[in-house]
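The values are calculated or read from the model by the stated rules, or taken from the named source; none is laboratory data. A quick note: this is a predicted structure, and the numbers were derived from the prediction, not measured. No Cβ is skipped: glycine too gets one built from the backbone with ideal geometry, and neighbour counts run over all protein chains shown. Protein only, heavy atoms only, side chains kept; ligands, DNA and RNA dropped before computing areas. Shrake-Rupley method; radii C 1.70, N 1.55, O 1.52, S 1.80 Å.
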Amino acid sequence: MIENIVERGVRLGEKLGVSEIEVYAIKRTGINIVGTVRGIERISAGERIDVGVRVVIGKKATVQGGLISRVEDVDAVVETAVKIANTLPEDPQWISLPRTLRMSQVEEIVDPRIRESDIGYFIDIARFLLGRASEIDKRAFTSSVNIHTATIERAIGNNYSEALREESTELVVSVSVKATEAGEESGYYDVYLAPTLARFKPEEMISKATEIAVKTLGSKRVDTGVYELVLIPRVLAGVLQPLIVPAVCADSVQKGRSPLKNKVGSQVVSENLTIIDDGTHPGLVGTRGFDDEGVPTTRKYVIDRGVLKGFLYDTYTALIEGRNSTGNAFRSVPYSTPVPWISNLIVEGGHGSLSDLVKDVRRGVVVYSTIGEWLSNPVSGLLNATITNGMYVENGEEKFPVKGVVISGNIYDVLKPVDIRVSSERESCFGRFVLPALYLPKITLAGK
Amino acid sequence: MINVETARQVLEEVLKKGAEQAVVRLQERVYEAIVYDTGVLRSYTVGKVVGLGIRAMIRGGTGYAYTSSLDRDSVSRATGKAISLARVAGELGKKSFAPAPSIRDRFRVEFRVDPHAVDPKLKVDLVKEVNTNSMKRENIVSAVTRLGLERDRRVVLTSEGTEVEVDVVGVGLAHMAVARYGAVIERVSDRETYIGGYEHIEKRDWNAFAKEIDELAVRASQAKTPPPGTYVAVVDNEVVGLLLHEAFGHASEGDGVVAGASILKGRVGEKVASEFITIVDAGVIEGGYPVPYDDEGVPKKRTVVVDRGVLKGYLTSRDTAQELNLEPTGNARAQDVSFDTLVRQTNYYAEPRDWKVDELFEGITYGIYLRGRGAMGGQVDPSVGTYTFSIGPSYIIRNGEISELVRGVVVSGNILETLKEVDAVANDLRITTSVFGGCGKGGQMVRVGDGGPHIRTRKIVVGGD
């Protein structure tokens with residue numbers, strides 16, 4: 001059905017005499033299961049079809065769209081887009097929609113067990129997770145479990161090229177564990193987000209969450225000062241996403257909002273850090289044959305041994321600089337204007353394990369979770385995150401739990417020292433990051 | 001176009017198929033956004049969401065199904081799905097819903113000029129003018145100006161006879177300025193939203209609005225970050241709103257309380273804040289986002305959560321009210337019909353007291369004046385009470401006087417500790433909302449309002465470089 005929406009929309013645009021037209025349609029079908037201490041609370045299911053239409057008349061461009069009910073509904077979207085485009089001023093920087101739509105070969109993006117949405121199977125997982133934390137440790141219990149499955153069909157076409165279509169699946173399982181003892185409370189959550197069940201290990205997930213919730217009971221603040229820090233992979237993801245990701249996207253750079261502007265070829269972080277954007281990496285949620293405007297996804301170095309190699313582009317920002325899109329067009333909703341964004345972000349591994357990094361800490365904190373890291377400022381590079389689960393470490397040994405402490409600093413100063421280290425072990429986090437643990441030799445913590 | 005008659009037919013169908021109780025929701029939402037980025041029209045988008053959601057309850061089980069297609073077959077599939085999911089859920093656990101009054105009402109925000117009917121060229125010209133003027137200002141290297149226009153119509157019918165329609169129109173303009181000073185680049189953003197029609201856009205001087213933001217960004221780019229540590233703080237209306245919403249509001253949501261995931265569980269009747277603090281969640285209030293009825297069709301009452309420091313109750317949906325043995329407060333809300341409801345805040349604020357704002361600064365030898373303009377928001381872990389906020393450019397207080405500007409201010413603390421440290425509350429209540437964002441929870445975004453008067457707290461942790 002969605003290919004029909006795309007073809008119909010493009011044909012109508014051509015008939016109405018537009019210079020360029022692109023139609024993007026996405027259908028999501030899935031189930032949601034919510035469980036709490038009371039058991040399975042609710043189950044829901046549904047399907048939605050979203051459409052986004054980009055119309056260009058001369059150099060006047062607009063995007064319209066929304067949820068639609070039937071194939072024919074795309075007509076009204078195209079007609080409105082044409083009407084609005086005619087009233088707009090020209091965008092002097094507009095050059096063209098992508099001239100050729102193609103796909104890269106990608107693997108592990110469909111899991112039949114998710115596509116078939118066997119409710120019984122996922123209810124069993126929810127019930128297992130709900131009951132397991134208190135079995136592992138009587139001070140702990142699972143406070144909530146959310147399971148979401150989706151089958152996603154995407155199609156895109158424009159007046160230059162035949163439509164592309166791709167199917168993928170998605171599973172999100174999040175679990176929150178709470179621990180209580182002698183009036184003290186702590187909590188921890190973990191999330192599995194992937195297109196397949198291949199790496200889903202419910203026992204490991206709930207055990208880890210329970211262990212951290214219990215061992216961070218009785219947390220306190222450390223004194224304000226300078227400490228060593230070890231960030232586990234998911235905490236590193238929380239730092240990279242708001243600070244480094246926007247800074248390497250070409251629109252931020254072109255508009256003067258990136259601290260990395262004019263720094264291609266320069267050492268911007270420690271030589272121990274190599275960061276790759278890879279839309280073709282098997283089995284991640286950012287893995288797609290084509291981006292949100294039909295350009296094939298790619299793998300490329302963003303930062304190689306600390307040196308900035310280049311930025312991420314969609315077609316609009318690429319053509320402004322006379323280069324090709326890197327296949328990084330992203331739409332926050334199907335009817336938004338595409339902008340450059342990461343597909344999947346990979347940081348290369350270094351040496352040793354997480355525990356090896358912790359062993360070498362003389363006075364610092366190993367951080368298991370933070371909140372507020374997404375409020376960091378990508379324009380100035382100021383990092384801010386508040387530790388919610390951490391352990392104070394002295395001479396390689398975890399001494400007591402820490403929370404309520406603010407991590408601050410300029411990310412490019414924080415990541416610059418030559419003695420930054422990354423672990424060889426890496427984890428997939430939040431669906432689109434594959435990251436090691438990171439050791440930072442010197443960072444300011446605001447505490448007592 | 002959605003209407004009550006369609007919802008009646010769906011309700012009849014789902015009851016006929018075996019539901020003992022049911023809620024039917026219809027929604028039509030149009031959102032129009034015009035964005036100028038650094039002198040260029042970056043996007044003009046109009047998004048429309050139309051759909052239907054059905055909650056069916058059978059023998060203690062609840063199933064929810066939705067569809068964006070309103071044709072007979074799709075609706076029939078959705079009602080069938082809601083029924084089958086309710087049966088599955090009923091075998092796994094029982095849940096019941098507190099009774100709610102049967103109401104027939106229609107709430108509509110009055111407006112003079114329909115924002116979606118205004119000539120697109122006029123709207124584009126306004127955004128262009130504000131953005132290009134901003135780019136001409138000294139030291140401004142980048143600016144994004146955004147016009148947001150929204151109409152959200154919701155119809156909720158229940159098997160108990162409730163039929164409510166809520167039609168809200170909101171308009172606003174947001175501006176972000178990026179200033180450079182030497183190697184430092186800094187940004188400041190702000191937005192202003194009005195509930196009503198395009199007439200509110202027409203009468204505001206948006207160039208003056210953007211100029212203030214630009215000038216603050218330039219000054220912030222030349223400012224230092226504050227020394228990290230614990231401060232006495234005077235907190236402005238906007239930051240108070242953020243603080244209460246994040247730090248206290250989420251913990252007072254009944255679903256978290258029922259799940260044992262809130263630090264406020266079991267504390268009704270306990271002192272949780274200073275005696276100067278009274279916290280209210282109100283559905284319809286000047287400056288806020290109107291929520292006269294929630295998405296279960298329950299009237300959103302004025303709920304006093306904290307009365308002079310003492311926890312009085314929680315925000316509830318019908319099921320959490322039943323579980324907690326409370327009245328439903330009308331706080332069951334959903335982003336759109338593709339989601340079933342969660343317990344959410346509406347307009348959450350602190351009531352004013354008698355102090356004048358100036359009096360809050362008296363006697364502070366060294367402290368900080370936390371300002372909301374340019375704040376990016378906050379987050380809380382409601383299970384343990386830890387919160388954090390990114391605040392706008394703020395001022396150091398020296399000997400009772402507002403002194404130098406500081407940038408990159410982040411505050412952190414624990415809910416129960418911070419509100420107990422409040423020792424003065426001013427008389428200047430101000431509540432605001434936004435058509436550019438809202439509150440996120442469980443993957444759903446809903447519009448909210450928040451605010452309060454200026455307050456003073458004796459202890460708050462401030463991060464810095």
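Looking at B:ALA233, B:ALA259, B:ALA251, which is the one that is under 30 Å from A:SER380 (Cβ atoms) and within 14 Å of chain A (Cβ to nearest Cβ)? It would help to see each step written out before you state the result.
Working: B:ALA259 fails: under 30 Å from A:SER380 (Cβ atoms); B:ALA251 fails: under 30 Å from A:SER380 (Cβ atoms).
Answer to the check: B:ALA233.
Which of the numbered conditions does B:PHE436 fail, given that it passes all the others? Conditions: (1) part of a strand (DSSP E or B); (2) within 14 Å of another protein chain (Cβ to nearest Cβ).
(1)
Search the stretch A:90-145 for residues being free of Cβ contacts under 8 Å to residues at least 60 places away in the same chain and in contact with a Leu (Cβ under 9 Å, 6 or more places away or on another chain), and hand back the single one that is most open to solvent (accessible area, probe 1.4 Å).
The qualifying residue most open to solvent (accessible area, probe 1.4 Å) is A:GLU90.
Checking B:ARG430 against (1) under 28 Å from B:GLU215 (Cβ atoms); (2) within 14 Å of chain A (Cβ to nearest Cβ); (3) under 20 Å from the mean Cα position of the chain (by Cα), which test does it fail?
(2)
This table checks each residue for (1) more than 7 Å from chain A (Cβ to nearest Cβ); (2) of a type in the set (Gly, Ala, Ser).
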{"site": "B:GLN21", "(1), (2)": "yes, no"}
{"site": "B:THR38", "(1), (2)": "no, no"}
{"site": "B:GLY51", "(1), (2)": "no, yes"}
{"site": "B:VAL88", "(1), (2)": "no, no"}
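Which condition number in (1) more than 8 Å from chain B (Cβ to nearest Cβ); (2) touching a Leu at 6+ places or on another chain (Cβ under 9 Å) is the one that A:GLY52 fails?
(2)
One residue is enough: does the stretch B:414-424 have a residue meeting the conditions open to solvent by 10 Å² or more (accessible area, probe 1.4 Å) and within 28 Å of B:ARG151 (Cβ to Cβ)?
There is no residue in the stretch B:414-424 that is open to solvent by 10 Å² or more (accessible area, probe 1.4 Å) and within 28 Å of B:ARG151 (Cβ to Cβ).
Taking only the stretch B:358-374 into account, find how many residues are in contact with a helix residue (DSSP H, G or I) (Cβ under 6 Å, 6 or more places away or on another chain) and either more than 28 Å from B:GLY442 (Cβ to Cβ) or hydrophobic (A, V, I, L, M, F, W, C) (or both). Lay out the reasoning, then the answer.
Taking the stretch B:358-374 first, the residues in contact with a helix residue (DSSP H, G or I) (Cβ under 6 Å, 6 or more places away or on another chain) are B:370, B:372.
Adding the requirement that they be either more than 28 Å from B:GLY442 (Cβ to Cβ) or hydrophobic (A, V, I, L, M, F, W, C) (or both) leaves B:370.
Within the stretch B:358-374, residues that are in contact with a helix residue (DSSP H, G or I) (Cβ under 6 Å, 6 or more places away or on another chain) and either more than 28 Å from B:GLY442 (Cβ to Cβ) or hydrophobic (A, V, I, L, M, F, W, C) (or both) number 1.
Is one or more of the residues making up the stretch A:406-423 without any contact (Cβ under 8 Å) to a residue 60 or more places away in the chain, open to solvent by less than 20 Å² (accessible area, probe 1.4 Å) and of a type in the set (S, T, N, Q)?
Yes, that holds for at least one residue.
Of all residues being open to solvent by 20 Å² or more (accessible area, probe 1.4 Å) and within 19 Å of the chain's Cα centre (by Cα) in the stretch A:272-291, which is nearest to the other protein chains (Cβ to nearest Cβ)? Just the residue, please.
A:ARG288
Of everything in the stretch B:322-368 that's away from chain A (no Cβ under 14 Å) and among the β-branched types (Val, Ile, Thr), which residue is nearest to B:LYS312 (Cα to Cα)?
Just the residues of the stretch B:322-368 that are away from chain A (no Cβ under 14 Å), to begin with: B:325-331, B:333, B:344-367.
Okay, now just the ones that are also among the β-branched types (Val, Ile, Thr), so B:329, B:346, B:357, B:364-365.
Working: B:THR329: 13, B:THR346: 17, B:VAL357: 28, B:ILE364: 32, B:THR365: 36 Å.
Out of the qualifying residues, it is B:THR329.
Mind checking which residues of the stretch A:43-79 are open to solvent by 30 Å² or more (accessible area, probe 1.4 Å), assigned to a helix (DSSP H, G or I) and more than 30 Å from B:LEU85 (Cα to Cα)?
Within the stretch A:43-79, A:ASP75, A:ALA76, A:GLU79 qualify.
Select from the stretch A:248-257 the residues that are under 21 Å from the mean Cα position of the chain (by Cα) and modelled with pLDDT of 95 or more and write down the one among them that is farthest from the other protein chains (Cβ to nearest Cβ).
So in the stretch A:248-257, the residues under 21 Å from the mean Cα position of the chain (by Cα) come out as A:248-253, A:257.
Those still in the list that are modelled with pLDDT of 95 or more too: A:248-253.
Details: A:VAL248: 16, A:CYS249: 13, A:ALA250: 13, A:ASP251: 8, A:SER252: 9, A:VAL253: 11 Å.
Among residues in the stretch A:248-257 that are under 21 Å from the mean Cα position of the chain (by Cα) and modelled with pLDDT of 95 or more, the one farthest from the other protein chains (Cβ to nearest Cβ) is A:VAL248.
When A:LYS59 is evaluated against the numbered criteria (1) more than 7 Å from chain B (Cβ to nearest Cβ); (2) touching a strand residue (DSSP E or B) at 6+ places or on another chain (Cβ under 9 Å), which criterion, by number, is the only one it fails?
(2)
Quick test for you: out of A:VAL175, A:VAL191, pick the one residue that is β-branched (Val, Ile, Thr), modelled with pLDDT of 95 or more and buried (at least 19 other Cβ atoms within 10 Å of the Cβ).
Working: A:VAL191 fails: buried (at least 19 other Cβ atoms within 10 Å of the Cβ).
Answer to the selection: A:VAL175.
Restricting to strands (runs of 3 or more DSSP E) lying wholly in the stretch B:1-98: which have 3 or more residues that are open to solvent by 10 Å² or more (accessible area, probe 1.4 Å) and not assigned by TED's automatic domain parsing to the domain that holds B:GLN322?
On the way: elements: B:21-37, B:40-58, B:61-67.
It comes to B:21-37, B:40-58.
Looking at A:VAL358, A:VAL379, A:VAL365, can you tell me which residue is in contact with a strand residue (DSSP E or B) (Cβ under 9 Å, 6 or more places away or on another chain), among the β-branched types (Val, Ile, Thr) and assigned to a loop (DSSP other than H, G, I, E, B)?
Details: A:VAL358 fails: assigned to a loop (DSSP other than H, G, I, E, B); A:VAL365 fails: assigned to a loop (DSSP other than H, G, I, E, B).
A:VAL379 is the lone residue from the list that is in contact with a strand residue (DSSP E or B) (Cβ under 9 Å, 6 or more places away or on another chain), among the β-branched types (Val, Ile, Thr) and assigned to a loop (DSSP other than H, G, I, E, B).
Looking at (1) open to solvent by less than 10 Å² (accessible area, probe 1.4 Å); (2) over 23 Å from A:SER423 (Cα atoms); (3) of a type in the set (A, V, I, L, M, F, W, C); (4) more than 17 Å from the chain's Cα centre (by Cα), which is the only condition A:VAL269 fails?
Result: A:VAL269 passes all but (2).
If you take the residues of the stretch A:405-439 that are of a type in the set (D, E, K, R) and assigned to a loop (DSSP other than H, G, I, E, B), which of them is farthest from A:THR216 (Cα to Cα)? First the steps, then the outcome.
The initial filter retains those residues of the stretch A:405-439 that are of a type in the set (D, E, K, R), namely A:413, A:416, A:419, A:421, A:425-427, A:432.
Okay, now just the ones that are also assigned to a loop (DSSP other than H, G, I, E, B), so A:416, A:419, A:432.
Working: A:LYS416: 30, A:ASP419: 28, A:ARG432: 27 Å.
Among those residues, the one meeting the criterion is A:LYS416.
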